[in-house]
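Data block below; observations after.
All of the numbers you see were taken from the coordinates with simple rules; none came from a lab. Treat the numbers as computed from the prediction; the structure is a model and nothing was measured. Cβ atoms come from the backbone with ideal geometry, glycine included; neighbour counts cover every protein chain shown.
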């Protein structure tokens, strides 16, 4: 392939987009054509017969030669400008080297936010959309501690574990990146709109899908190969027997990435995935330090060069009042406690006092409220 270019001309970028948008042309065939013809422009200028000789189906060859996708490509450029996003082709020097190494790297990335994070040390934290309180607490803590160590916490912004990992990284003032299974202007799930907006400001949003592309179910396995491909390692927190997190772990193994798993309750279906991975040889995770050690000396050296290896615990919260301590002591990290149960356990306090103390503890970052007026401790020890 040609040498990578630092910048792309408008004409070159349109050619990359036109190639990407050609119906029926998959990533692998596009890569083969780039290898054979040298550039998108040369592919698009080739005769249909030349393209068919290269193994392209006749209908796809006709689409490429006709230039029918250039109008849509120009529209995509305008949408990128309106959103403040950037388009990074495979040959751009900003394209992440780790992703370029995989079997079928996307030929074009759509990115929004801190583009420099594409060159950072990334670790993927993935797991169940319907995670337990334990899974949420673990993902938040790992996200926080990895980010504090200088790692960019990578995930897919799905409900559950993904969201918790992103939130943990942001809470530490660190970096996080989300890989979409749809266009960058299509927020999925919709309730994560504010999270997506914050990641766009403080971290990075990445997609290989053009603007306007909906979140079709078949897009997510495609997305998962980018999650593992961008990362140095993949951490599975929770996942059922046929979960997407297990697919991501398998892709990571195929891409020669490190695979880590958080052990879980053997009676919990949510722990089937990570426990299976541990049986198959995945590295055990009890803390972020286990992940940093497992990534090896090369990655640790990169982090040291960033002068951010030490885990930043942040300012310690102030002392609790006696009544707040009583409420706090009734809560657990991995098991939600409902408000009615707290009222029964603390007869010396009125319900209004307990609610006020819960609000005080939540504002201090010591506890977190879950649906149904239940509460858990924030794991910080």
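Translational D (Stokes-Einstein, µm²/s) of region 115-305 at 4 °C and 1.567 mPa s when Rh comes from the Kirkwood sum over C-alpha pairs? If you can, show how the numbers build up before the last one.
Working: Rh = 16.0 Å.
Result for D is 81 µm²/s.
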Where only C-alpha atoms are counted, convex hull volume of region 131-216 per residue in Å³: 77 Å³
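So if we plug the beta-carbon distance of residue 62 and residue 194 into 1/(1 + (r/R0)^6) with R0 = 45 Å, what FRET efficiency do we get, rounded to 0.05?
On the way: r = 45 Å, r/R0 = 0.99.
Taking R0 as 45 Å, the efficiency between residue 62 and residue 194 is 0.50.
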Cα centroid separation - region 338-371 against region 191-260, whole Å: 36 Å
Cβ-based exposure ranking for 185, 145, 104, in which fewest neighbours within 10 Å come first: 104, 185, 145
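Compute the FRET efficiency between residue 364 and residue 339 as 1/(1 + (r/R0)^6), taking r as their Cβ-Cβ distance and R0 = 22 Å, and round to the nearest 0.05.
E between residue 364 and residue 339, to the nearest 0.05, is 0.75.
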Debye log10 I(q)/I(0) at q = 0.12 Å⁻¹ for region 1-157, Cα point scatterers: -0.64
Model label zone, residue 130; criterion: amide N under 15 Å from point 7 Å along Cα-to-beta-carbon; scope region 159-173: 159-161
Order of 28, 240 under a 10 Å beta carbon neighbour criterion, fewest first: 28, 240
Viscosity 0.890 mPa s, 25 °C: Kirkwood-radius Stokes-Einstein D of region 322-377 over Cα pairs, µm²/s: 225 µm²/s
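Counting other beta carbons within 10 Å of each Cβ, put 187, 43 in order, fewest first. Can you show the working numbers first?
Numbers: 187 19, 43 24.
So the ranking, lowest neighbour count to highest, is 187, 43.
Show that you can apply the helix-only estimate: for the chain, add -39,500 (n - 2.57) for every DSSP H stretch of four or more residues, divide by all residues, and state [θ] at 222 nm to the nearest 500. Write out the running numbers ahead of the final one.
Numbers: 18 runs with 173 residues, N = 381.
-13000 deg cm²/dmol, from helical runs alone.
Calculated FRET efficiency, residue 70 and residue 29, Cβ-Cβ r, R0 25 Å, to nearest 0.05? Show your work: numbers first, answer last.
Details: r = 19 Å, r/R0 = 0.78.
After rounding, the FRET efficiency stands at 0.80.
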For the chain, share of DSSP beta bridges that run antiparallel, in % to the nearest 5: 40 percent
Rg followed by Dmax, in Å, when region 10-79 is reduced to its Cα trace: 11.1, 35
